[in-house]
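Here is the structure we will look at, set down as structure tokens.
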Amino acid sequence: MWKVRSDEPKDAFLWDKQTKQTNCYGDAIETTEAGDPLRNQSLNINGDSSIGENPNRYKQHGFYFNADNCIGCHACESACSEKNDVPDHIAFRSVGFVEGGSYPNYQRLNLSMACNHCDDPVCLKGCPTRAYTKFAEYGAVLQDPDICFGCGYCTWVCPYNAPQLDPVKGQVSKCNMCVDRLEVGLQPACVAACLGNALDFGVVESVPENRDQAKISIPGFPDPEITHPNIRFQQTKDTQRDMVRPDGMPIKYHKQEDGEFKSVLDDTKHSHKKEWGIRTLIHSHENAHAIFTLCVQTVMGASLWLIMSDLFNIDSVVATNVNGMTVILAVLLVLLGYGLFKLNMHLGKPQFFYRGYYNLRLSPVSREILGVTIFFIGLMMIFAVYITGLEFLTNIAYGVTILGFASGSYYMYKLYRIPARPFWDHWQTGSAFYGTALSLGSLLFGVLLLPFGLSDIAISQIASVTLFGLAFESIGHVVHRKDVQKTGEGQASYFEQVTTFGKTYQMRNSMLGINMAIMILLMIEPSTLLFAVSFVSVLVSAYLGRILFYAIVIPTTMPGGFFWKNDKFKEHAIETGLSDMPQMGIMADRHHKFDVKALVNVIKQTTFKEAFMQIKSIVRGG
């Protein structure tokens with residue numbers, strides 16, 4: 001518990017006043033009803049069993065930010081980082097800004113933001129390890145870094161960039177509302193440290209003294225309907241029609257007729273020239289996700305061919321693969337295992353991979369993991385059937401595999417329907433995923449059959465299914481190109497796609513068209529050589545599309561500054577070596593060559609844990 005100083009200033013204490021029954025979203029401010037067994041329990045902060053005496057302990061609290069008063073001094077950031085012992089390269093509270101106009105009519109609007117302890121915390125729903133809990137006390141959304149295994153999904157779904165993934169510790173942490181201070185009647189450290197009297201804190205919807213507004217949005221703040229955040233704003237000073245971000249994100253905020261601001265594309269941030277962007281794509285932190293999804297979806301598509309050819313007795317396929325099914329299944333299992341390995345090693349704490357099953361009730365990530373696991377088990381059962389000859393288990397193995405395919409593929413798609421990432425939040429994500437399963441999976445199945453004989457009829461049949469998969473994916477891209485223009489972040493993602501990665505994007509599109517033409521040709525004139533070449537062509541196209549999918553998405557997040565929370569500056573700092581200076585607050589995700597000598601030295605480590613962590617660092621290029 002926080003120790004109250006004898007000389008604590010009066011404005012550091014919580015203020016009590018009459019509170020409302022419901023908030024502006026219609027949700028109850030009282031977090032529990034009188035007599036609820038959740039009441040009068042200790043939070044056991046640092047082992048202290050005492051209970052705070054705040055009369056509003058079981059009411060939803062939140063921050064109040066007066067943008068008119070904020071001077072951008074970053075005292076709130078410093079106080080938060082010092083109080084919570086936060087390392088230099090992350091911050092629970094950040095101060096960014098938007099700006100508009102030009103001299104002499106230049107305007108700057110500062111924004112101080114931490115976790116908003118939302119009524120509908122998407123981080124809690126998304127976290128597969130159940131590291132998040134929304135407490136009845138103060139309505140605080142708290143996160144346990146020790147439970148977290150570092151997947152970073154909460155950083156994807158949160159619109160406010162509140163959860164912070166530490167690449168050094170391999171875990172996420174965030175603002176804890178300073179509940180240890182609240183329990184003794186003190187305001188959070190950031191509020192107490194604010195020099196400009198811009199930050200307040202108390203029961204949500206309770207407007208502090210000398211404040212005139214309690215708005216739910218200001219320029220630069222993401223759509224509050226995503227999570228119903230518990231923060232209110234005052235911003236009475238008039239602003240320019242357009243307020244732009246000082247960071248590298250090609251977004252600005254345009255004032256609508258009703259006075260509210262909407263994010264739109266700001267295409268003045270960099271050149272419109274089309275580039276390849278290959279270096280950025282190759283070194284993308286999300287390459288592990290690209291490899292995992294491609295491997296799993298391809299194996300799923302190939303396994304469906306294997307199952308359906310047997311169930312429906314497709315003679316053109318069955319007649320050519322009786323002696324080769326065991327080999328084909330072995331290859332599929334190895335490919336699936338490789339994808340799972342890449343994903344697991346992408347975690348901050350891969351040794352705790354099993355925690356991914358903890359939140360099956362809410363998290364699409366947990367459900368995806370379970371679905372893919374069921375699919376893997378089903379494929380293993382089919383392999384065992386072919387090895388042992390126990391044919392009576394065939395239908396059971398097929399059923400388990402199909403169940404795993406249905407659940408795993410569906411939640412693999414659902415986990416990307418993230419409102420905070422508009423470029424992904426479209427059915428085109430599903431058309432791309434299932435299109436890959438149909439096209440690349442079908443071709444992989446056919447290529448694996450080649451050594452055992454593949455008839456012209458089989459080539460034609462496989463080509464027709466592949467054509468359908470490619471066409472389905474292409475239709476999704478066409479529709480998505482129009483729909484993505486509805487949000488500023490979607491527009492910005494598409495702008496990045498056609499400029500920074502424009503040549504790669506054109507190449508992917510051209511290959512989609514060429515591949516569809518090849519499939520039509522194979523349906524008319526089957527050719528073993530052309531069939532094998534088409535597999536390589538579709539594989540390259542699918543990989544290009546997938547790495548673009550991860551590289552260009554722009555989230556709805558709070559504005560940064562010129563140096564802080566600015567991805568473009570981070571890239572510059574890594575390239576120039578500035579990232580080696582701790583005061584820059586940048587921890588690079590390094591992707592250097594595999595260091596064999598370092599690996600040999602690790603073998604000499606005295607404990608397994610030390611060796612494991614260092615080997616992981618070397619493999620990931622740390």
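Could you pull out the trypsin sites (Lys or Arg not before Pro) across region 295-370 that fall in loop regions by DSSP (anything but H, G, I, E, B) with no more than 15 other Cβ atoms inside 10 Å?
Taking region 295-370 and a limit of 15 other Cβ atoms within 10 Å, the loop trypsin sites (Lys or Arg not before Pro) found are ARG361.
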Practice problem: Please work out how much length the chain gains when fully extended from CYS73 to ILE524, using 0.36 nm per residue of separation minus the C-alpha to C-alpha distance, in nm with one decimal. | Solution: 155.3 nm
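Calculate how large, on average over all directions, the projected area of the Cα convex hull of region 179-312 is; give the answer in nm² to one decimal. Can you show the working numbers first?
Working: hull surface 68.4 nm².
Result: a mean projected hull area of 17.1 nm².
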Quiz prompt | For region 298-304, Karplus couplings with θ = phi - 60° (6.51, -1.76, 1.60), whole Hz, Gly/Pro x | solution = 5, 5, 4, x, 5, 5, 5
Exercise. Return the lysines within reach of LYS269: Cα separation strictly under 17 angstrom, same-chain partners fewer than 8 residues apart disregarded; answer none if there are no such residues.
Key: LYS252, LYS565, LYS568, LYS570
Practice problem: Just rank ILE45, ILE71, ILE552, fewest to most, by other beta-carbon atoms within 10 angstrom. | Solution: ILE71, ILE45, ILE552
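On full extension of the chain, what length is gained from ASN313 through HIS285, given 0.36 nm per residue of separation minus the C-alpha to C-alpha distance?
Gain in length upon complete extension: 5.7 nm.
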Quiz prompt | Correct option for Rg and Dmax of the Cα atoms in Å [calculated from the coordinates] among (1) 27.2, 89; (2) 24.9, 81; (3) 28.2, 93 | solution = (1)
Quiz item: With axes computed from alpha carbons, what is the tilt in degrees of helix 394-414 against the longest principal axis of the chain, rounded to the nearest 10 within 0 to 90?
Solution: 40
Quiz item: So what are region 471-599's ellipsoid semi-axes, whole angstrom, largest first, if each one is the square root of 5 times an eigenvalue of the alpha-carbon gyration tensor?
Solution: 38, 23, 9
Exercise. Mark the label point 7 Å from the Cα of ILE475 along Cα→Cβ and return the residues of region 415-446 whose backbone N is within less than 18 Å of it.
Key: 426-440
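Where in the chain is the longest stretch that carries no GluC sites (Glu not before Pro) classed as loop by DSSP and with at most 11 other Cβ atoms within 10 Å?
Of all site-free stretches, the longest is 258-622.
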Self-check item: In degrees, nearest ten, helix 567-576 long axis to first principal axis of the chain (Cα)
Solution: 80
Quiz item: What is the set of long-range amide H partners of PHE261 at a cut-off below 5 Å, with H atoms built 1.01 Å from backbone N?
Solution: GLN256
Quiz item: What residues have an amide H closer than 5 Å to that of VAL244, excluding those fewer than 5 places away on the same chain, when H is modeled at 1.01 Å from N in the peptide plane?
Solution: GLU99, GLY100, TYR253
Quiz item: Residues with amide H under 5 Å of ASP119's amide H, sequence separation 5 or more or different chain, H placed in the peptide plane at 1.01 Å from N; which?
Solution: ASN230
Quiz item: Fewest to most neighbouring Cβ within 10 Å: what's the order for ILE396, ILE462?
Solution: ILE396, ILE462
Quiz item: On a 0 to 90 degree scale, rounded to 10, what angle separates helix 488-498 from the longest Cα axis of the chain?
Solution: 40
Quiz prompt | Ellipticity estimate at 222 nm from DSSP helix runs (n ≥ 4, -39,500 (n - 2.57)) divided over the chain, nearest 500 | solution = -14000 deg cm²/dmol
Exercise. Rank these for me by crowding, ILE369, ILE377, going from fewest to most other beta carbons within 10 Å.
Key: ILE377, ILE369
Practice problem: Find how many whole Å separate the alpha carbon centroid of region 104-166 from the alpha carbon centroid of region 318-389. | Solution: 31
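Quick note: the coordinates plus some simple rules give every number you see, no bench work behind them. All figures in this text were calculated on a predicted structure; none of them were measured in a lab. Cβ atoms come from the backbone with ideal geometry, glycine included; neighbour counts cover every protein chain shown.
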